[in-house]
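Where a number appears in this text, it was derived from the coordinates with a stated rule and is not lab data. Here the structure is a predicted model, which means the values were calculated and not measured. Note that we place each Cβ from the backbone using ideal geometry, even for glycine, and neighbour counts take in every protein chain shown.
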Amino acid sequence: MIRNYLIIAWRNFRRNKVFSLINVLGLAIAFTFSLFIIFLVWDEASYDQFHENGKRIYCVLQTQTYEDGTVSGSDATSAQLPGALKEEMVEVERATMMSTYLMTIKVGDKVQREMGSFVSEDFFQLFSFPLVQGNPKNCISAVDQIVISQKLATNYFGTHNPIGKPIRIDNGREFFVSGVFADIPKNSSIQIDFALPFKEHEKAPWAKDWGAIGEQTFILLKENTDPNDFNKKIKHYLKSKITATKDQLILQPFTEKYLYSNFKNGVIDGGRIEYVRILSVIAGLILLIACINFMNLSTAQSMKRAKEVGIRKVIGSSRKLLIGQFMGEALFTVVAALIISLGLVQLALPFFNSLTERELQLDFTQSGFLVSIAAIALTVGFLSGSYPALFLSALKPVIILKGAFKFNSSTTMFRKVLVVLQFSLSIAFIAATIIVYQQMQFIQNKNLGLDRENVIYQTFEGNLKQKLDVFKTELLQSPGIQAVTYSNQPLLNIQYTSNWVDWPGKTKEVNFATAGVSYDFIKTLKIQLLAGRDFSSENTSDSSNVIINEEAAKRMGLIDPIGHEISTRRDMLRKGKIIGIMKDFHLQSLHKPIEPLFIWFDTYPTSGYITVRTEAGKTKAALASMDKLNKKYNPDFPFNYTFTEEDFKKQYKIESQFENLIQAFSFFTVFISCLGLFGLAVFSAEQRTKEIGVRKVMGASVLQVICYQ
């Protein structure tokens, strides 16, 4: 019987080539895009799932409550927190901190910039980053140890054993390789090439300051610990360290951190998961549109199949067998489309990987992949073949064989409703594309409160740390350079915060974003000063003075802040005055609200970024000048630079990728819908062949026939 079904399905496929090709092509395109979305969703959902104790690993978040009742939060915590939690909380088995930077590595004559992180001793015992050399228990216990990835070991030491070999970091002290870890998988939110002991910094004043936050904290809870109970226990833990603070701690499962990264009003709310959900809905809608095509064309063709149904019923075929036959034909079409789709996926996968910056591939060895394909095929086959099968199998043989069979109004109306639904979904896709495009244009053209165009920054490392003033002076005398400043953080990603700020009349704690800068900070970034002035070399007292933004003045409750005394505690207690108020500008991406900010004059910068504003149209000359001076003052290090505009766009990489995907999906959704409409038009023309012939005999032109149709 199944053999007969297949033979009949193949014959019908060949007999109705146009309709069959439209169905197969529409379904194949829909399957192709759906498979791409499935790959993307799987890849997103796989992040951080490989850790052996992943279900017991948590990230500790810190919240800040403002006077208006709003709550913000982030994964920035005090460097003191991991050790304190491990020592004071019996539920904590292991704890580690992370502070990640792009640093310069030098081995022999080879110098490159690599991503590294300062971590606690528990790092390689908490996370499943297996060591191929070294002991995870003590590989990061001494202040001069460094653990590197296999990739770095190969790049810098070739086939030689790297254990015990020296590596110079940022042209400073040497560290000795104590371990080599396997290259971190792509589906890990932690991506580093080497790890250094945080002991390098633990004696610094800021590292002992509970009010200075900027490091990530991760903990491993002991077996059978209830995370909800522990969450309640540590909620007000910070009050034992900072009496007046309103800051609180909450736990977030590490396996959820990648997808759920947004923090709104005191709770973790959304993030990349929102795009995953939207893409999943899009995949379903694209398949639905293709199924509507199939149902429309199959129902429209029912006139041709009516006699077949009538004869089969007369000779004893039951409705159940007829339904099985038509459902089998639908599955035959679906399988054919799926086979074509897999070929299209294989051909288009390199382009898709380039578009989404992934390394996805077809893997038929994964049982989950095969099960998903089978489930999709059966679902689409059942959905697309159900109505035609039920409709055709219900036809009355007496009416059919008398030749009195006609479409009733309900059948015709159903097809019209499906066509309207199909094009409504297509229009919705087009509208979504326009909205997403407008959002991206808004982001790209948004006035951040500073001028990011023609701005370049580079890290100062090596000899530049000791020659910053000379370097700046010569830069300003070079072609294409308009202004120069430096800061201890990227100016569009200020993350360090502190609540160790006091002023006369202070009534509440305020958590400030903070950055150390040099002269010409306001001038270089073209930030608008609402009152006061920038730091000046003519005022020696500026080494203790600060400049704040509007939000800071508002949170401090100061109506006229200029001249107000303020004291800050960083490496030491400093007392100064507020000398300027900046118009608010975005410290990070537009996803986050503007926070209160104070900037202080960094008298002796030891690390950070040199920011250069170039003259319009002279970027090439400016880069040549910077390269020349870098070779002169820092010959042992390569000249690395970043355009602020490019850095800004990186913050919205996922939105940009989403825009490109939506555009592609919208185009092919309309294309699939048009295929279905074309099929119905062809069917209508076939049904009226005699009428068209008579009209042409009577003298109607082709144009008149088309217009009448």
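If packing is taken as the mean number of other Cβ atoms within 10 Å per residue, what is the order of 288-294, 159-165, 325-331, 580-586, highest first?
Going by the mean number of other Cβ atoms within 10 Å, highest first, we get 288-294, 325-331, 580-586, 159-165.
Pull up all non-local amide H partners of Ser189: gap of 5 or more, or a different chain, and H-to-H distance under 5 Å with H placed in the peptide plane.
Hits under the 5 Å cutoff: Asp48.
Mind ordering 243-256, 515-528 by average Cβ neighbours within 10 Å, highest first?
Ranking the peptides 243-256, 515-528 by packing returns 515-528, 243-256.
Checking the table Lys55/Lys222; Lys55/Lys199; Lys106/Lys165; Lys199/Lys465; Lys523/Lys628; Lys506/Lys577 against a 19 Å threshold on Cα-Cα, which pairs fail?
Distance filter (> 19 Å) returns Lys55/Lys199; Lys199/Lys465; Lys523/Lys628.
Give a residue-ordered list of calculated ³J(HN,Hα) values for region 485-491 (Karplus: 6.51 cos²θ - 1.76 cosθ + 1.60, θ = phi - 60°; whole Hz; x for Gly, Pro).
8, 9, 8, 8, 9, x, 6
Taking the Cα centre of region 473-588 as the origin, how large is its charge dipole in debye, to the nearest 20, when only Lys and Arg (+1) and Asp and Glu (-1) carry charge on their Cβ atoms?
Value, rounded to 20: 260 debye.
Compute the Cα gyration tensor for region 122-179, then decide on rounded, prolate or oblate, letting a ≥ b ≥ c be the square roots of its eigenvalues: rounded whenever a/c is under 1.5, prolate when a/b is larger than b/c in the other cases, and oblate in all that remain.
Because a/c hits 1.5 or more and a/b fails to exceed b/c, region 122-179 counts as oblate.
By the gyration tensor of its Cα atoms, with a ≥ b ≥ c the square roots of the eigenvalues, what is the shape of region 142-281: rounded for a/c under 1.5, prolate for a/b over b/c, or oblate?
oblate
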